[in-house]
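The values are calculated or read from the model by the stated rules, or taken from the named source; none is laboratory data. The shown structure was predicted, so the numbers you read here are calculated from the model rather than taken from an experiment. Backbone-built Cβ (ideal geometry, glycine too); neighbour counts: all protein chains shown.
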Amino acid sequence: MSDKVIVTTTVNGEEREATVEPRTLLVQMIRESLHLTGTHIGCDTTSCGTCTVLLDGRPVKSCTILAVQANGRDVLTVEGLEGADGLSPVQEGFQEEHGLHCGYCTPGMMMTVTALLEENPHPSEDEIRKAISGNLCRCTGYVNIIKAVHYAARKREGAAA
Amino acid sequence: MLPSTFDYVAPTSLDEAVQALAAGAGDAKIMAGGQSLLPMMKLRLASPATIIDLNGIAGLDTLEESDGMLRIGALVRHADLERSELIAERYPIIHDAAQRVADPLIRNRGTFCGSLAHGDPAGDWATVALTLGAELHAVGPNGAVVHSALDFQTSMFETQLGMDQILVEARIPVPKAGQGSAYLKIERKVGDYAAAAVGVMIVLDGATITEASIGLTNVGPLTIHAAAAAASLVGKSIDAAAAIEEAGRLAMEASQPSSDLRGAEEYKKDLVRVLTKRAVRKAGARAQGKEA
Ligand SMILES: Cc1cc2nc3c(=O)[nH]c(=O)nc-3n(C[C@H](O)[C@H](O)[C@H](O)COP(=O)(O)OP(=O)(O)OC[C@H]3O[C@@H](n4cnc5c(N)ncnc54)[C@H](O)[C@@H]3O)c2cc1C
């Protein structure tokens, strides 16, 4: 009902609970209840992809999903990318190849790219461009972002070998 | 931006969902992908008192062929269609459109059936459903109802679907021997609706077109069924340039675009003419196995 609801979600591998109104958006729960502010709010109109998180492994716009819809499901945010042995290949790629300028789109961009590499470990430039076409960057012109993804793909391959 | 407050109901069966919708008495809304409904609620263009979320109902994600029909359940997402091998192999028009609807993130949530129920003449799936002659299977308090995709939209954002009905699945006849299809869309950028788009389905016997169907996206108050353009092709050769030219002209005549930020009326009309010709040729090449 429009009374508050309890949402239990696995966030970055940890079970988290939040009490929210049904109208609370997933991005608001992540930022304001769980205090994970790495996920940014950009356009707030389903256009820019800045708020991208992985819901059960699929990149989605967390400004256009209700928090209650994540109940019982798995959410990965940018804070969950780093592993026990440091930055993930994608994070390292963005750092090494300067895949960011102002950094605002970066968390969403990295989430989309993380999902892409899970599905397609060796994407072509075209495949990368297509995969990130829902994530807007207004600074870099995407060239270094693409280099960062290629870097991450090589790095993952090295790590697997 | 926050939507207004609402009651949230998450039924686990279709029966429960139908009951909740009836109980909502016109002020309840079904949510499938939420990729049109939530943006509207955030802008307060919609403020339903109750949201009935379909996502917890098992069995609505059917995507398969059975009894001569392709079944697309209410929770089949745009991305499911984009990635499906069955679709890539047998339904090129769906495969084409699936890569052009909105953007990859929206495609992970939005549904084929939700797009039809939304009744937006800018929606790509309404044109695909119309072109392929889909049956739209719904359920309401009085049981099952079947609508036709040909006349499903009644006015902008209005459809045949009753306020108390849930669209359960779209059923599309499996392709006939000699069938080919295509969907061509011009958009300003990824994530934008079409400036104009055209869906074509044809059936060939040798080089002769024996059946044709043409739908137009975002060039009028409704998704447009360009019946005269399609009829003009029947009996003609797929290699007859004059016949294809004429179909393009008739499709253009059927369109009623208005000038806006996506382009002037004259430009959009010409897009319809050119896209129709290209889509007919592409559908023909696919029917003859000359193109994937
Ligand atoms: C930025 C942006 C760009 C977009 N670009 C495009 C585009 O280029 N082409 C395009 O076609 N679409 C586009 N869309 C719309 C998108 O494809 C939506 O996913 C789709 O229109 C609605 O599907 P949904 O499942 O998200 O429906 P919802 O948002 O859940 O619902 C939409 C409406 O349909 C009703 N409804 C949904 N499912 C059912 C059902 N099973 N039974 C009864 N009623 C139902 C709801 O009550 C609501 O009124 C875009 C959306 C955004 C935000």
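When segment B:279-292 is filtered for residues that are over 15 Å from residue B:212 (Cβ atoms) and buried (at least 16 other Cβ atoms within 10 Å of the Cβ), nothing remains.
Please verify whether residue A:46 is assigned to a loop (DSSP other than H, G, I, E, B), more than 7 Å from chain B (Cβ to nearest Cβ) and surrounded by 21 or more Cβ atoms within 10 Å (Cβ to Cβ), treating the condition exactly as stated. No, not satisfied.
Checking each residue in segment B:30-47 for being more than 20 Å from the chain's Cα centre (by Cα) and more than 11 Å from chain A (Cβ to nearest Cβ) picks out B:44, B:45, B:46.
Figure legend. Inter-residue proximity from segment B:92-109: first residues closer than 11 Å to residue A:133 by Cα, second residues modelled with pLDDT under 95, beta-carbon distance below 7 Å, spacing 6+ or different chains. Indicated pairs: B:102/B:191; B:103/B:190; B:103/B:191. Selection of segment B:217-240 for residues being in contact with a Pro (Cβ under 9 Å, 6 or more places away or on another chain) and buried (at least 24 other Cβ atoms within 10 Å of the Cβ) yields B:217, B:218, B:219, B:223, B:224. Here is a check on your reading of the model: is residue B:102 on the phi > 0 side of the Ramachandran plot and within 9 Å of chain A (Cβ to nearest Cβ)? For residue B:102, the condition - on the phi > 0 side of the Ramachandran plot and within 9 Å of chain A (Cβ to nearest Cβ) - is met. Output the residues belonging to segment B:129-155 that are touching a residue at least 60 places away in the same chain (Cβ under 8 Å) and more than 15 Å from the chain's Cα centre (by Cα). Hits for segment B:129-155 are B:139, B:140, B:141, B:155. Counting only residues that are within 9 Å of the ligand (Cβ to nearest atom), in contact with a helix residue (DSSP H, G or I) (Cβ under 7 Å, 6 or more places away or on another chain) and over 23 Å from residue B:196 (Cα atoms), segment B:114-138 holds 0 of them. Screening B:176, B:189 for residues that are closer than 24 Å to residue A:136 by Cβ and more than 8 Å from the ligand (Cβ to nearest atom) leaves exactly one candidate, B:189.
Could you list, in sequence order, the residues of segment B:165-189 that are without any contact (Cβ under 8 Å) to a residue 60 or more places away in the chain and either closer than 19 Å to residue B:89 by Cβ or in a strand (DSSP E or B) (or both)? Across segment B:165-189, the qualifying residues are B:176, B:177. Quick check: is even one residue across segment A:114-123 under 11 Å from the mean Cα position of the chain (by Cα) and hydroxyl-bearing (Ser, Thr, Tyr)? So far as segment A:114-123 goes, yes, one or more of its residues are under 11 Å from the mean Cα position of the chain (by Cα) and hydroxyl-bearing (Ser, Thr, Tyr). Which one is farthest from residue B:213 (Cα to Cα) among residues in segment B:241-261 that are crowded, with 19+ Cβ neighbours inside 10 Å and touching a strand residue (DSSP E or B) at 6+ places or on another chain (Cβ under 8 Å)? The residue in question is B:257. When segment A:49-91 is filtered for residues that are among the charged types (D, E, K, R), within 14 Å of another protein chain (Cβ to nearest Cβ) and in a loop (DSSP other than H, G, I, E, B), the ones remaining, listed by number, are A:56, A:73. Scanning segment B:85-108 for residues that are surrounded by fewer than 20 Cβ atoms within 10 Å (Cβ to Cβ) and more than 20 Å from residue B:200 (Cα to Cα) yields a single hit, B:85.
Filtering A:56, A:3 for residues that are at pLDDT 95 or above, loosely packed, with under 15 Cβ neighbours inside 10 Å and charged (D, E, K, R) leaves a single hit, A:56.
In segment B:117-164, the residue that is farthest from residue B:66 (Cα to Cα) out of those that are of a type in the set (Val, Ile, Thr) and touching a strand residue (DSSP E or B) at 6+ places or on another chain (Cβ under 6 Å) is B:159. Residues in segment A:62-87 that are without any contact (Cβ under 8 Å) to a residue 40 or more places away in the chain, touching a helix residue (DSSP H, G or I) at 6+ places or on another chain (Cβ under 7 Å) and not aliphatic (A, V, I, L, M) were compared, and the one that is surrounded by the most Cβ atoms within 10 Å (Cβ to Cβ) is A:62. Go through the residues of segment B:9-22 one by one and say whether even a single one is away from the ligand (no atom under 12 Å from the Cβ), within 30 Å of residue B:216 (Cβ to Cβ) and in contact with a strand residue (DSSP E or B) (Cβ under 7 Å, 6 or more places away or on another chain). No; the residues of segment B:9-22 include none that is away from the ligand (no atom under 12 Å from the Cβ), within 30 Å of residue B:216 (Cβ to Cβ) and in contact with a strand residue (DSSP E or B) (Cβ under 7 Å, 6 or more places away or on another chain). Checked across segment B:59-76, the condition of being surrounded by fewer than 21 Cβ atoms within 10 Å (Cβ to Cβ), within 12 Å of another protein chain (Cβ to nearest Cβ) and either more than 8 Å from the ligand (Cβ to nearest atom) or not β-branched (Val, Ile, Thr) (or both) holds for no residue. Identify, please: which residue in segment A:21-35 is within 12 Å of residue A:4 (Cβ to Cβ) and not polar (S, T, N, Q) and is, among those, farthest from the other protein chains (Cβ to nearest Cβ)? Among residues in segment A:21-35 that are within 12 Å of residue A:4 (Cβ to Cβ) and not polar (S, T, N, Q), the one farthest from the other protein chains (Cβ to nearest Cβ) is A:29. Among the residues making up segment B:265-280, those that are touching a strand residue (DSSP E or B) at 6+ places or on another chain (Cβ under 8 Å) and farther than 18 Å from residue B:181 by Cα are B:268, B:271. Taken as a whole, the condition of being more than 23 Å from residue B:202 (Cα to Cα), modelled with pLDDT of 95 or more, buried (at least 17 other Cβ atoms within 10 Å of the Cβ) and out of contact with any Phe, Trp or Tyr (no Cβ under 6 Å at 6 or more places or on another chain) does not apply to residue B:140. Residue selection: residue B:96 fails the criterion of being under 29 Å from residue B:192 (Cβ atoms) and within 12 Å of another protein chain (Cβ to nearest Cβ).
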